[in-house]
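Have a look at the structure below before the remarks.
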Amino acid sequence: MTIRFYNTLTSQVEEFQPVEAGTVRMYSCGPTVYDFAHIGNFRSFLFADLIRRFLELTGLDVQHVMNITDVGHMTDDAVADGAGEDKMQVAAQRIKEDKKSGKVPDGAIENPDDPYQVAKYYTDAFLEDARQLGMKVAFEYPDQILHATEQIDVMQAMISRLIDRGHAYVGSDGVVYYSVESFPNYGRLSGNTLDNLQSGAGGRVSDKNQATKKHPADFMLWKADESHIMKWDSPWGKGYPGWHIECSAMALGKFGVDTIDIHTGGEDLIFPHHECEIAQSCGSTGADSFARFWLHARFLLVEGEKMSKSKGNFYTVRDVLEGRVTGRPVHPAVLRYELLKSHYRANMNFTEKGLHDSAGAVKRLQDFRAKCETASGGEVAEVGNSHPVLKEFIDALSDDLNMSGALAAVLPWAHETPSDPAEALGVLSEINTVLAVAPINFDDDTGTASTGGSDDDAAALCRQIDEARAAKDFATSDKLRDQLIEAGYDVQIGRDGTTAERKLA
RNA sequence: GGCGCCGUAGCCAAGCGGCCUAAGGCGACGGAUUGCAAAUCCGUUAUUCCCCGGUUCGAAUCCGGGCGGCGCCUCCA
């Protein structure tokens with residue numbers, strides 16, 4: 001079996017082999033914690049989770065590291081090199097308003113003016129979302145998820161090294177800049193070479209901001225700024241690190257190697273963020289390459305449009321799960337499936353209908369598991385990756401994560417009646433180590449979200465339906481049934497009585 | 001202006017030169033089941049791959065042109 005991924009660095013599909021046989025070092029750009037993560041963020045995070053789980057299924061040991069950007073960068077960081085509002089202060093404002101309107105649970109955050117509390121508030125929310133959606137790295141927290149604010153010393157060490165090696169300098173404004181001209185490969189990842197950048201600048205870069213830099217594309221590594229809400233001592237004055245340095249420093253620091261295997265992120269990070277990461281990392285280590293494979297997930301659209309706050313289609317994970325998008329709670333497995341089901345390099349269109357489709361697929365897989373468990377008495381047979389269904393699943397994913405192809409192997413199979421239920425259960429379990437929707441976690445709980453309403457009430461209504469039907473009072477039983485459906489249940493009326501199952505979405 | 005992606009049935013979507021008279025899912029339709037439904041099960045559902053040329057014995061797949069959609073180049077997953 002050959003694993004192939006599309007590598008942004010070379011713009012082609014290449015065979016994947018880890019540097020060190022058997023072990024994969026993978027770094028993913030994680031969330032900023034100034035707000036709740038939205039579904040677009042999670043498309044990219046779950047994409048990383050998919051790579052990780054798939055590689056593990058093939059027998060590789062995967063070390064997956066992610067960062068949390070909790071340094072309060074500026075809203076206009078790059079343009080004016082640290083102008084604009086501080087994002088932590090913007091967040092503080094919002095939390096205060098939410099507190100007033102009762103949207104923030106009591107005790108969740110004492111003092112919104114403390115940026116560390118703001119960061120913790122949103123970090124906790126992110127981790128909770130990530131666990132609900134089955135992100136493996138979130139279960140390993142805090143071991144594999146690094147906080148930028150706890151790695152300032154590592155960043156400073158890298159900045160010093162860059163200065164020593166002639167890749168960075170202190171500008172006339174006292175800001176430490178990376179000198180892009182010192183790094184000939186700048187632009188290799190994104191195609192934004194210095195020549196291209198110049199011709200494409202189009203008057204967007206104001207001369208005033210550029211006066212202190214050697215080259216307009218030079219970017220900030222450290223800025224001394226006493227007024228910044230979060231600041232640390234440094235050889236270049238008390239201040240804060242640039243946006244790009246954290247990922248370079250943390251990735252190399254955590255893994256302790258010069259070259260990692262895979263680096264992931266959203267497509268928007270290709271430039272400037274990842275371009276700058278390469279310049280910093282290679283500049284400081286002298287290695288030819290920082291990450292051998294760069295994998296980027298494309299953006300998610302909502303009902304055909306780019307997600308944005310102004311369009312009102314900006315959905316957080318919570319919005320979806322708690323029913324604020326569809327008017328009905330959505331099971332986390334359904335959201336996970338929805339965000340995972342289409343190819344990562346295609347723009348996926350998040351729609352209510354898509355969510356509904358996903359609910360059907362997840363239900364099929366969950367029902368199939370239940371059917372197999374009943375038939376096998378819970379026995380799970382060991383199966384090898386050569387089992388036809390599993391092989392087809394793995395082969396499809398090996399081909400640059402062809403999820404549609406992988407699902408095409410699983411879905412039809414999952415509504416057959418298996419001749420060997422224990423074996424089927426074994427296959428499903430293996431497949432589920434990647435899909436993680438039936439059930440959602442690798443632990444054994446079903447990952448059921450609190451969806452409001454009580455299943456006891458539903459059971460009581462079922463009983464009433466049975467009574468009404470026994471009395472041939474169909475008008476009443478129909479009314480009760482509609483009531484249950486309205487409440488979000490699938491109602492099954494059969495010979496053995498009535499049961500109600502909560503809809504997944 | 002620079003860099004890049006995409007265009008397959010009502011919708012989502014696979015396909016990587018011959019096994020394609022094109023996977024899989026949703027929907028729709030017909031049937032079983034049901035008091036009627038829902039769920040479930042069985043079956044049907046593109047002679048055709050945006051358009052026009054070209055290469056080839058052979059193209060949805062390669063090349064050229066056109067039309068259409070989208071992303072990045074500025075904080076952004």
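So that you can scan it fast, the table gives a plain yes or no per residue for (1) over 26 Å from A:VAL90 (Cβ atoms); (2) outside any loop (DSSP other than H, G, I, E, B); (3) in the same structural domain as A:ASP268 (by TED's automatic domain parsing); (4) at pLDDT below 90:
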| position | (1), (2), (3), (4) |
| --- | --- |
| A:VAL205 | no, no, yes, yes |
| A:GLU226 | no, no, yes, yes |
| A:PRO235 | yes, no, yes, no |
| A:TYR240 | no, yes, yes, no |
| A:GLU246 | no, yes, yes, no |
| A:GLY253 | yes, yes, yes, no |
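Only residues that are surrounded by fewer than 18 Cβ atoms within 10 Å (Cβ to Cβ) and touching a residue at least 40 places away in the same chain (Cβ under 8 Å): list them for segment A:7-35, please. Scanning segment A:7-35 gives A:VAL13, A:GLU14, A:VAL19, A:THR23. Just to be sure before I move on: is A:VAL62 near RNA strand B (Cβ under 8 Å from one of its atoms) and over 30 Å from A:VAL118 (Cα atoms) in the structure I sent? For A:VAL62, the condition - near RNA strand B (Cβ under 8 Å from one of its atoms) and over 30 Å from A:VAL118 (Cα atoms) - is not met.
Taken over segment A:34-59, residues that are touching a Lys or Arg at 6+ places or on another chain (Cβ under 8 Å) and more than 9 Å from RNA strand B (Cβ to nearest atom) amount to 5.
Scanning segment A:460-497 for residues that are within 37 Å of the chain's Cα centre (by Cα), open to solvent by less than 50 Å² (accessible area, probe 1.4 Å) and either of a type in the set (Lys, Arg) or more than 9 Å from RNA strand B (Cβ to nearest atom) (or both) yields A:LEU484, A:GLY488. Which ones in segment A:255-311 are farther than 20 Å from A:ILE159 by Cβ, part of a loop (DSSP other than H, G, I, E, B), of a type in the set (Asp, Glu) and more than 11 Å from RNA strand B (Cβ to nearest atom)? Passing the criteria: only A:ASP288. Evaluation of A:ILE68 against the conditions (1) surrounded by fewer than 22 Cβ atoms within 10 Å (Cβ to Cβ); (2) under 21 Å from A:VAL257 (Cα atoms) shows that the sole unmet condition is (1). Within segment A:328-365, if we keep just the residues that are in a helix (DSSP H, G or I) and open to solvent by 50 Å² or more (accessible area, probe 1.4 Å), the residue that is nearest to RNA strand B (Cβ to nearest atom) turns out to be A:ASP357.
If you go through segment A:486-505 and keep only what is closer than 17 Å to A:GLY323 by Cα, in contact with a Ser or Thr (Cβ under 8 Å, 6 or more places away or on another chain) and not hydrophobic (A, V, I, L, M, F, W, C), you end up with A:GLY488, A:ARG502.
Among the residues of segment A:160-183, the ones that are assigned to a loop (DSSP other than H, G, I, E, B), farther than 18 Å from A:ASP225 by Cβ and touching a residue at least 40 places away in the same chain (Cβ under 8 Å) come to 3 in all.
The values are calculated or read from the model by the stated rules, or taken from the named source; none is laboratory data. None of the values given here were measured: they were computed from a predicted structure. In this analysis, Cβ positions are derived from the backbone assuming ideal geometry, glycine residues included, and neighbour counts consider all displayed protein chains. Ligands, DNA and RNA are stripped out before the accessible areas are found, and what is left, the full protein with its side chains, is counted by its heavy atoms. Shrake-Rupley method; radii C 1.70, N 1.55, O 1.52, S 1.80 Å.
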